[in-house]
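K.L.:
Next up is a structure, given as C-alpha cells.
The values are calculated or read from the model by the stated rules, or taken from the named source; none is laboratory data. Treat the numbers as computed from the prediction; the structure is a model and nothing was measured. Every residue, glycine as well, gets a Cβ built from its backbone with ideal geometry; the counts of neighbours run over all protein chains shown. For accessibility, only protein heavy atoms count, side chains too; no ligands or nucleic acids. Shrake-Rupley method; radii C 1.70, N 1.55, O 1.52, S 1.80 Å.
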Amino acid sequence: MENYILFVAIASATIASPGPGVILTITNSIKDGFRGAISGILGVASAMLCIAIISATSVAAILSTSALAFTILKYIGSAYLIYLGIKMWRSSSSFNVSSNNVAKSHKKKFIKGFLITLLNPKPILFFMALFPQFINPNEAYIFQFLLLAITFSVLVVIIHFSYALFAKSARSKLSTPKGSRILSK
C-alpha cells in the first residue's frame, strides 16, 4: 500500500480535531474519570469502523449521489446532537465526580458515542474521499481497505484516550462550581 504513513498522519489530524466524539470523551472523562470515558471512546471507534465499512459499500454511493438521502441522514444526526445539547444545557450545573458514576452507565456511554458518530454523515464522505487516495488498484482491495479502516479505528481509540487522560488531569479545576457551569453550558 502506498503512503500508509501519510494516511496515518491525515487520519490522526482529522481524529484529533474537536468534534462531537471528542467533546463526549472529554465530558465523560471529567465527569467520571478516565475509566468512565472508555466505553464512550469504544462506541465512537466502533461507529467509525462501521462508517468505514459503509463507505466501501453502495450505501455510501447512494448517500453521495442522493441529496435527499444525505439530507435526511444529516437532519437525523443534527436532531440527535441538538437533543444532547439541550439535555446537557438543562442538566445540573455541577458534575458529580464520584467514582459511583463510572459503573452506572457504560452501556449508555457506548451507545451515545456510537450514535453521535454513526449519525454524522461527514465521516462517510470523508472516507469515500480519503480511502481511494491510499488504495493501490493493483493490489488486493479488501486487505487494503481493512487495513485503513482498522488503522483509523485504532487511532480513534489512541487519540481519544489521550484526550481522556488530559481531561482527567484538568478534572479538579473543571469540577469546581464555576468550572462545571462553564463546561455544562
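K.L.:
With a 1.4 Å probe and every protein chain left in place, tell me how much accessible area LYS109 has, in Å² to the nearest 10.
P.N.:
Number for this one is 10 Å².
K.L.:
Right, next: If you rank MET128, MET48 by how much accessible surface each has, with a 1.4 Å probe, what is the order from largest down?
P.N.:
MET128, MET48
K.L.:
Here is a follow-up. In terms of solvent-accessible area of protein heavy atoms at a 1.4 angstrom probe, what is the ranking of LEU115, LEU155, highest value first?
P.N.:
LEU115, LEU155
K.L.:
Work out how much length VAL154 to ALA140 would gain on full extension: take 0.36 nm times their residue separation and subtract the Cα-Cα distance, in nm to one decimal.
P.N.:
Result: 2.9 nm gained on full extension.
K.L.:
To the nearest 10 Å², what's SER78's accessible area with a 1.4 Å probe?
P.N.:
50
K.L.:
Could you give the nm distance between label points at LEU165 and LEU6, where each point is 7 Å from its Cα heading toward the beta carbon?
P.N.:
3.0
K.L.:
Between LYS173 and ALA13, what is the FRET efficiency for a Förster distance of 35 Å, r being their Cβ-Cβ separation, to the nearest 0.05?
P.N.:
Here the calculated transfer efficiency is 0.80.
K.L.:
For PHE143, PHE131, PHE110, what's the largest-to-smallest order of accessible area, 1.4 Å probe?
P.N.:
If we order PHE143, PHE131, PHE110 from most to least accessible, we get PHE143, PHE110, PHE131.
K.L.:
Solvent-accessible area of THR176, probe 1.4 Å, all protein chains present, reported in Å² to the nearest ten, please.
P.N.:
Its heavy atoms expose roughly 60 Å² to the probe.
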